[in-house]
């Protein structure tokens, strides 16, 4: 045991260090140096007299607060209770054992008092949060034992998963807290208002990107007068929308305010005074503000970051914008309602570093705006994002005044003209995005001087001219390049020497609808870092060279579609996970290639591939999600291993020579929504297991040899958009459940089968239907009058209708037409070649958007509806080979889009209408077989007998009216003439005697004249 006189001075020295927590271990503080010297003397004395001193006898204090005696027993017990209430699946709190709690993970103690002052339990594994995994996330409950930590000033539980529990109210009693971070920790319910008791709080982060937290009011915030950073992103503040700004305005120390996605709608346009003038960052994005940008906002002269994206702000940017002279970042992107022109007052923002105005409806000339920014003599602007607006005009040459510009993003606007020549002066430029505009002309060679340019995207414009080495010569930093045109027409030609070696190493190349060929571009031979290769519609008619296959690429995407590449497909290439291959519309031949298991999509349509589908395709490429091998010469049967592709979403194997029956392996494909096996020689019945594809939207089995009845299990496919079973040998009646279960149907085609019975009236419930083809069956009975309820044939085209709908053969304009990408524009009703009878229902004339109406080769009787002219979009009308009678309604002449008409072989009569559209329908075969018809273009002339129309005078022609008026005039003239003469003779006796005496005298004179003529002789 050491002598007391030696121990006491040592304790005093040790106490001196413990009572100076603010002193640095590396500093030159006099007191600390004296203490250390004193300790050294005592150590030397102990060693000399004792000869031995164990390291466990004492320990010097370290600067990290790792204290042996610094853990209070009450606080240690409180922490253990806190731990017991938590779930810790990964053992993050495994170090919480032993007596020294200040050494425990995430626990910090005061060097001065030894009290616990900080709990830092943030989940540092963000992947576990983003992928909704809880491997590393703490959970459970927050134990009130934390109240025993009287000196706790820092609590961080962010990025954990507390399963939607409420934020504990007792946290409002931890009055020493200066830092509270519960962000992205899956708390739910109302934020407790007693957090307003934390008057010392400087940092409050309750950010949660998903719905969960809400408040009824924000008045409690006004008590947090020391608050510097407030983040309530994702919290539902809709009930506080009326007072949120007034409350925030009472926080004079606030430096950062983040309120995105808070469902705020009220954005006051005026404030009597702005209290938070020290604000550096303001984020109000993704709310519902529906106003102009308020002027008070631009009095925040210290703001360094402003984000008001994704709102409904409108109007122009106010002149007060010029007040933001200290602005470093401005983001007003995704405000879909902003309109108006940009103000040149932005030219006063010479300290502006980042300006984002993307995703708006901002309009006006770009030239005035850029010229305004260019007024700064020493511009600091490094990012300018005006994408996704309606800005017009040409990019001005003054853009080169923005010397610090690194990122220029102008995509999705209405810009015209070319890229200015001065672009080459922007020596700091790293990103140039001008895609999806209306730009054109020659690409300037000065572009090739941008040595720091990393990404170049000028796609979806109308470039022309020649692209040479000079355009690329100094782009030594280039990684991504994208050049394409808005159309398939090629006007931009690459003329690059075959031995030119680029200075860059590309990772992404996307060149479409530009002429690279006819040879495969050899200037890519040193590009061994490529991950994406898109050379689509590039006029390449070569084989894929060996040097390309030997680059050792690991590709995410390979798209060589719409060329004339020939030979064998490049099956030796390596692909990254979830990669895509498109070799469509080429001349590749041989068996279908197989790639690595990483490939997810393969598009090989329109080639010369032959042979069977590999039987082990499901095992070798198990992650396939999309397969399109249509329009090849593939034969054999459908391999059973396709049933192992559990991630499959589209399977298109149409237009090949596949045979055999459709397999029963559909139960393991929960995501399949496109199934197209049309135009093969498949036989057998439709397997009922297809009904297990509950999300199936497109079932296309037409042009096969399928037989049997339609399986009733298909009514489980309630999301169906297109059901095409035409050109098979299916039989039975049309099931009523189609109209009951498949209410989203857009296309229903059962043409050329052997269906019998009536057309079920349930079909009329398909309100979205715009193509109905039941032709060439044995259907009988009446055309249901409710067919006029098909509102899909009445309504205007909407964005909901403009979607992929597959492909379909439609009988229109007298021939069979194949529709693909434009199928959504086709509106057709075809019931031809059946045994339908009865009259053509008048309700059919309400289908105002109908383009094709074909009821030919049935047994329809009665008249053509008089108001058939209401079908104003009708292009094809075929009523031939029926038993229709009566006249051709004159309203038919008003069908101005009508280009194909066939009324032949009926019992129609009367004069063929003239004028308007009938002037172009001058083929006599349109009307042949109708013996009662007359007039052009037939040779049969019409007689004067008026034509009788059903419904009285409503249907009479002009010729009939003329005859009627002629008859009336004749009758009236006879009446006036007869009674004008004979009536007066009857009434007046004197006139009657004079009239007959005159007639007698005339008779005598005629007798004398004739006698004299006879006496004289010839």
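Structure values in brief
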{"quantity": "Complete set of residues in the stretch 625-666 that are assigned to a loop (DSSP other than H, G, I, E, B), over 25 Å from residue 579 (Cα atoms) and out of contact with any helix residue (DSSP H, G or I) (no Cβ under 7 Å at 6 or more places or on another chain)", "calculated": "637, 655, 656, 662"}
{"quantity": "Residues (in a loop (DSSP other than H, G, I, E, B) and in contact (Cβ under 8 Å) with a residue 40 or more places away in the chain) located in the stretch 138-163", "calculated": "138, 141, 142, 143, 149, 151, 153, 158"}
{"quantity": "Whichever residue in the stretch 682-702 is over 26 Å from residue 582 (Cα atoms) and out of contact with any helix residue (DSSP H, G or I) (no Cβ under 6 Å at 6 or more places or on another chain) and, among such residues, is surrounded by the most Cβ atoms within 10 Å (Cβ to Cβ)", "calculated": "686"}
{"quantity": "Flag if residue 498 is touching a residue at least 12 places away in the same chain (Cβ under 8 Å), closer than 18 Å to residue 539 by Cβ and out of contact with any strand residue (DSSP E or B) (no Cβ under 8 Å at 6 or more places or on another chain)", "calculated": "yes"}
{"quantity": "Lone qualifier among 851, 838 - being over 17 Å from residue 772 (Cα atoms) and modelled with pLDDT of 90 or more", "calculated": "838"}
{"quantity": "Complete set of residues in the stretch 885-919 that are over 47 Å from the mean Cα position of the chain (by Cα) and surrounded by 18 or more Cβ atoms within 10 Å (Cβ to Cβ)", "calculated": "886, 887, 888, 904, 905, 906, 908, 910, 911, 912, 913"}
{"quantity": "Flag for residue 227 being under 17 Å from residue 259 (Cβ atoms), in a loop (DSSP other than H, G, I, E, B) and modelled with pLDDT of 95 or more", "calculated": "yes"}
{"quantity": "Subset of the stretch 508-522 [surrounded by fewer than 18 Cβ atoms within 10 Å (Cβ to Cβ) and either in contact with a helix residue (DSSP H, G or I) (Cβ under 9 Å, 6 or more places away or on another chain) or more than 22 Å from residue 607 (Cβ to Cβ) (or both)]", "calculated": "522"}
{"quantity": "So residue 620, is it in contact with a helix residue (DSSP H, G or I) (Cβ under 6 Å, 6 or more places away or on another chain), modelled with pLDDT under 95 and surrounded by fewer than 18 Cβ atoms within 10 Å (Cβ to Cβ)", "calculated": "no"}
{"quantity": "Selection within the stretch 667-701 - part of a strand (DSSP E or B) and under 25 Å from the mean Cα position of the chain (by Cα)", "calculated": "674, 675, 676, 698, 699, 700"}
{"quantity": "Scope the stretch 702-731; condition within 28 Å of the chain's Cα centre (by Cα) and in a loop (DSSP other than H, G, I, E, B); matching residues", "calculated": "717, 718, 719, 720, 721"}
{"quantity": "Enumeration of residues in the stretch 388-408 that are in a loop (DSSP other than H, G, I, E, B) and surrounded by 22 or more Cβ atoms within 10 Å (Cβ to Cβ)", "calculated": "389, 395, 402, 405"}
{"quantity": "Residue in the stretch 894-913 that is assigned to a loop (DSSP other than H, G, I, E, B), in contact with a strand residue (DSSP E or B) (Cβ under 9 Å, 6 or more places away or on another chain) and at positive phi present", "calculated": "no"}
{"quantity": "Candidate set: the stretch 572-610, residues that are within 23 Å of residue 637 (Cα to Cα) and surrounded by fewer than 15 Cβ atoms within 10 Å (Cβ to Cβ); chosen: the one farthest from the chain's Cα centre (by Cα)", "calculated": "590"}
{"quantity": "Hey, residue 773 surrounded by 15 or more Cβ atoms within 10 Å (Cβ to Cβ) and on the phi > 0 side of the Ramachandran plot or not", "calculated": "no"}
{"quantity": "Out of 358, 404, sole residue that is on the phi < 0 side of the Ramachandran plot and modelled with pLDDT of 90 or more", "calculated": "404"}
{"quantity": "Count of residues meeting criterion [farther than 19 Å from residue 894 by Cα, touching a strand residue (DSSP E or B) at 6+ places or on another chain (Cβ under 9 Å) and either assigned to a helix (DSSP H, G or I) or in contact (Cβ under 8 Å) with a residue 60 or more places away in the chain (or both)] in the stretch 914-934", "calculated": "1"}
{"quantity": "Count of the stretch 596-612 residues which are more than 18 Å from residue 649 (Cβ to Cβ) and not in a strand (DSSP E or B)", "calculated": "3"}
{"quantity": "In the stretch 523-546, residue farthest from residue 458 (Cα to Cα) [restricted to those that are touching a helix residue (DSSP H, G or I) at 6+ places or on another chain (Cβ under 8 Å) and surrounded by fewer than 19 Cβ atoms within 10 Å (Cβ to Cβ)]", "calculated": "545"}
{"quantity": "Count of the stretch 264-295 residues which are surrounded by fewer than 19 Cβ atoms within 10 Å (Cβ to Cβ) and more than 17 Å from residue 227 (Cβ to Cβ)", "calculated": "14"}
{"quantity": "Among the candidates 286, 243, residue that is under 30 Å from residue 405 (Cα atoms), out of contact with any strand residue (DSSP E or B) (no Cβ under 6 Å at 6 or more places or on another chain) and modelled with pLDDT of 85 or more", "calculated": "286"}
{"quantity": "Scan of the stretch 431-455 for residues that are in a strand (DSSP E or B) and surrounded by fewer than 22 Cβ atoms within 10 Å (Cβ to Cβ), ordered by number", "calculated": "431, 433, 440, 441, 455"}
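Every residue, every condition in (1) over 23 Å from residue 440 (Cβ atoms); (2) modelled with pLDDT of 95 or more; (3) assigned to a loop (DSSP other than H, G, I, E, B), yes or no:
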position: 476; (1), (2), (3): yes, yes, yes
position: 484; (1), (2), (3): no, no, no
position: 487; (1), (2), (3): no, no, yes
position: 497; (1), (2), (3): yes, no, yes
position: 509; (1), (2), (3): no, yes, no
position: 528; (1), (2), (3): yes, yes, yes
position: 533; (1), (2), (3): yes, yes, no
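For (1) surrounded by 18 or more Cβ atoms within 10 Å (Cβ to Cβ); (2) in contact with a strand residue (DSSP E or B) (Cβ under 6 Å, 6 or more places away or on another chain); (3) in contact (Cβ under 8 Å) with a residue 60 or more places away in the chain, each residue gets a yes or a no:
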| residue | (1), (2), (3) |
| --- | --- |
| 181 | yes, yes, no |
| 184 | yes, no, no |
| 190 | no, yes, no |
| 193 | no, no, no |
| 205 | yes, yes, no |
| 208 | yes, no, no |
| 211 | no, no, no |
| 215 | yes, no, no |
| 225 | no, no, no |
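The values are calculated or read from the model by the stated rules, or taken from the named source; none is laboratory data. Quantities reported herein were computed from a predicted structural model and do not represent experimental measurements. Positions of Cβ are backbone-derived with ideal geometry, glycine not excepted, and every protein chain shown enters the neighbour counts.
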